[in-house]
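The next block holds one structure in the form of structure tokens; read it before the comments.
The values are calculated or read from the model by the stated rules, or taken from the named source; none is laboratory data. Here the structure is a predicted model, which is why all the values come from computation and not from measurement. All Cβ positions, even for glycine, are placed from backbone atoms using ideal geometry, and neighbour counts span all protein chains on display. What goes into the accessible areas is simple: the full protein's heavy atoms, side chains included, and nothing from ligands, DNA or RNA. Shrake-Rupley method; radii C 1.70, N 1.55, O 1.52, S 1.80 Å.
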Amino acid sequence: MKEQFYSYIQNLQDQICKGLEGLDGKAKFRQDLWERPEGGGGRTRVIENGNVFEKGGVNISAVHGALPVAMQTYFGVGEVDFFACGLSLVIHPKNPMVPTVHANWRYFEMYDKQGNIVNQWFGGGQDLTPYYLFEEDAKHFHQTCKTACDKHNPEFYPKFKKQCDDYFWNAHRDEARGIGGLFFDHLKATEEMSMENWFNFVTEVGNSFLSAYLPIVEKRKDLPSTEANRTWQEIRRGRYVEFNLVHDKGTLFGLKTNGRIESILMSLPPHVQWVYDHHPEARSEEEKLIKVLANPVDWI
């Protein structure tokens, strides 16, 4: 399974980078190959200063070895070995009218000292973080997610949509990071779903990413914007940074397993503001977004 999934994310990385470069029309992804001293490595690709995308990364990694003590405590296990691979991406567009997007699809195995698999699961999802709310964009993104889920089980979309709303919640701000999408973790074999079934589901979601995001970018990338719009974008990006550094499990896992710091922090936007006690004007487009972030919406 690990070879099958790693091969998949290598191909998916190529597809996504090609799609984003084609839409940008100027910037190209820079590639870095890296190795982890304890075992494994990855392929980091970063795009910067394009016509459309200010900064973004589409990274894959496959790491293995002894599970660090901090993660043993987290998983409630003793000394075990592990293998983890995944694709993680974050794209920050220039135009404030275009939303930031994040996605991740991953696979994890844990072994006993004889090398037998004692635990394995899939995780991942995709979610949208707009700065200005266009309801048709939110509906398109969520409908694409639902269509991918419904091919496998009609209960998946409402379940994983709720998990996304719960997970991408900035508890210290009491607001959502964005308008959600899908989030799932610890997808393990059951009587109803084999690991092969979960592989088919997770790859279905991965394959839906470009059709979920690129039409929104195409529609919004040339809309006019002002310096005030840009300031609001940078203030909201600050909330994005807060979530990634305070709450995000993937970031924390990377930091605790001696992951490559440049790859882990590529998700952070290049220009951010923190304005003391900032509140948007009443009945403004900015306040409209804040109200939605306070209470997750069922977009479909």
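Output yes when any residue across the stretch 157-169 is part of a helix (DSSP H, G or I) and in contact with a Pro (Cβ under 7 Å, 6 or more places away or on another chain), and no when none is.
Step one: filter the stretch 157-169 for residues part of a helix (DSSP H, G or I), giving 157-167.
The next check asks that each one be in contact with a Pro (Cβ under 7 Å, 6 or more places away or on another chain); those that pass are 165.
Taking every residue of the stretch 157-169 in turn, at least one turns out to be part of a helix (DSSP H, G or I) and in contact with a Pro (Cβ under 7 Å, 6 or more places away or on another chain).
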Report task. Please state which one of Phe201, Phe141, Phe209, Phe160 is hydrophobic (A, V, I, L, M, F, W, C) and either loosely packed, with under 15 Cβ neighbours inside 10 Å or farther than 25 Å from Cys17 by Cα (or both). Result -> Phe160
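Which of the residues spanning the stretch 38-96 are among the basic types (Lys, Arg) and under 16 Å from the mean Cα position of the chain (by Cα)?
Quick first cut of the stretch 38-96, residues among the basic types (Lys, Arg) only: 43, 45, 55, 94.
Correct list: Arg45, Lys55.
State the number of residues belonging to the stretch 194-228 that are not in a helix (DSSP H, G or I) and not β-branched (Val, Ile, Thr). Reasoning before the result, please.
Filtering the stretch 194-228 down to residues not in a helix (DSSP H, G or I) leaves 194, 208, 221-226.
Applying the additional criterion that residues be not β-branched (Val, Ile, Thr) yields 194, 208, 221-225.
Within the stretch 194-228, residues that are not in a helix (DSSP H, G or I) and not β-branched (Val, Ile, Thr) number 7.
Anything in the stretch 73-85 that is open to solvent by 10 Å² or more (accessible area, probe 1.4 Å) and part of a strand (DSSP E or B)? List them, or say none. If you could, list the steps in order and put the result at the bottom.
Kept after step one, since they are open to solvent by 10 Å² or more (accessible area, probe 1.4 Å), are these residues of the stretch 73-85: 73-81, 83-84.
Selection gives Asp81, Phe83, Ala84.
Modelled with pLDDT of 95 or more, buried (at least 21 other Cβ atoms within 10 Å of the Cβ) and either over 18 Å from the mean Cα position of the chain (by Cα) or not aliphatic (A, V, I, L, M) (or both), is that true of Gly22?
On the way: modelled with pLDDT of 95 or more: yes; buried (at least 21 other Cβ atoms within 10 Å of the Cβ): no; either over 18 Å from the mean Cα position of the chain (by Cα) or not aliphatic (A, V, I, L, M) (or both): yes.
It is false that Gly22 is modelled with pLDDT of 95 or more, buried (at least 21 other Cβ atoms within 10 Å of the Cβ) and either over 18 Å from the mean Cα position of the chain (by Cα) or not aliphatic (A, V, I, L, M) (or both).
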Report task. Find all pairs meeting these conditions: Cβ atoms under 8 angstrom apart; at least six residues apart or on different chains; first residue within the stretch 51-63 and of a type in the set (Phe, Trp, Tyr); second residue assigned to a strand (DSSP E or B). Result -> Phe53/Ile47; Phe53/Ile91; Phe53/His92; Phe53/Pro93
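Looking only at the stretch 87-104, filter to residues that are open to solvent by 10 Å² or more (accessible area, probe 1.4 Å) and of a type outside the set (Ser, Thr, Tyr); which one of those is farthest from Val272 (Cα to Cα)? Don't jump to the end; show me each part of the working.
From the stretch 87-104, those open to solvent by 10 Å² or more (accessible area, probe 1.4 Å) are 88, 94-95, 97, 102, 104; that's our starting set.
With the extra rule that they be of a type outside the set (Ser, Thr, Tyr), the set shrinks to 94-95, 97, 102, 104.
Details: Lys94: 12, Asn95: 14, Met97: 16, His102: 17, Asn104: 23 Å.
Restricting to residues being open to solvent by 10 Å² or more (accessible area, probe 1.4 Å) and of a type outside the set (Ser, Thr, Tyr), the top hit is Asn104.
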**Report entry** Filtered residue count, the stretch 249-261, keeping only those that are over 16 Å from Gly40 (Cα atoms) and open to solvent by 20 Å² or more (accessible area, probe 1.4 Å)
**Finding:** 3
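Filter the stretch 278-299 down to the residues that are part of a loop (DSSP other than H, G, I, E, B) and open to solvent by 90 Å² or more (accessible area, probe 1.4 Å), then identify the one that is nearest to Phe160 (Cα to Cα). Can you show your working first?
Applying the first criterion (part of a loop (DSSP other than H, G, I, E, B)) to the stretch 278-299 yields 278-284, 295-299.
Remaining after also requiring open to solvent by 90 Å² or more (accessible area, probe 1.4 Å): 279, 281, 283, 295, 298.
On the way: His279: 31, Glu281: 33, Arg283: 32, Asn295: 17, Asp298: 12 Å.
Among those that are part of a loop (DSSP other than H, G, I, E, B) and open to solvent by 90 Å² or more (accessible area, probe 1.4 Å), it is Asp298.
Name the single residue, out of those in the stretch 36-72 being of a type in the set (Asp, Glu) and at pLDDT 95 or above, that is least open to solvent (accessible area, probe 1.4 Å).
The first filter runs over the stretch 36-72 and keeps only residues of a type in the set (Asp, Glu), leaving 38, 48, 54.
Applying the additional criterion that residues be at pLDDT 95 or above yields 48, 54.
Values: Glu48: 101, Glu54: 19 Å².
Checking each candidate, the answer is Glu54.
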Query - Any chance Thr231 is buried (at least 18 other Cβ atoms within 10 Å of the Cβ), of a type outside the set (A, V, I, L, M) and in contact (Cβ under 8 Å) with a residue 12 or more places away in the chain - result: no
Query raised in the report: With (1) touching a residue at least 60 places away in the same chain (Cβ under 8 Å); (2) open to solvent by less than 30 Å² (accessible area, probe 1.4 Å); (3) within 29 Å of Asn295 (Cβ to Cβ) as the list, and Asp127 as the residue in question, which single condition is left unmet?
Result: (1)
**Report entry** Residue among Tyr132, Tyr107 that alone is part of a loop (DSSP other than H, G, I, E, B), open to solvent by less than 50 Å² (accessible area, probe 1.4 Å) and hydroxyl-bearing (Ser, Thr, Tyr)
**Finding:** Tyr132
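How about the stretch 25-37: which of its residues are over 30 Å from Phe83 (Cβ atoms) and either under 18 Å from the mean Cα position of the chain (by Cα) or of a type in the set (D, E, K, R) (or both)? First the steps, then the outcome.
So the first thing to find is which residues in the stretch 25-37 are over 30 Å from Phe83 (Cβ atoms), and the list is 25-28.
If the condition is that a residue be over 30 Å from Phe83 (Cβ atoms) and either under 18 Å from the mean Cα position of the chain (by Cα) or of a type in the set (D, E, K, R) (or both), then Lys26, Lys28 are the ones that fit.
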Requested in this report: All but one of (1) open to solvent by less than 40 Å² (accessible area, probe 1.4 Å); (2) in contact (Cβ under 8 Å) with a residue 24 or more places away in the chain; (3) out of contact with any strand residue (DSSP E or B) (no Cβ under 9 Å at 6 or more places or on another chain); (4) not aromatic (Phe, Trp, Tyr) hold for Met266, so report the exception by its number.
Outcome: (3)
Report task. All but one of (1) part of a strand (DSSP E or B); (2) hydrophobic (A, V, I, L, M, F, W, C); (3) touching a residue at least 40 places away in the same chain (Cβ under 8 Å); (4) surrounded by fewer than 16 Cβ atoms within 10 Å (Cβ to Cβ) hold for Leu33, so report the exception by its number. Result -> (3)
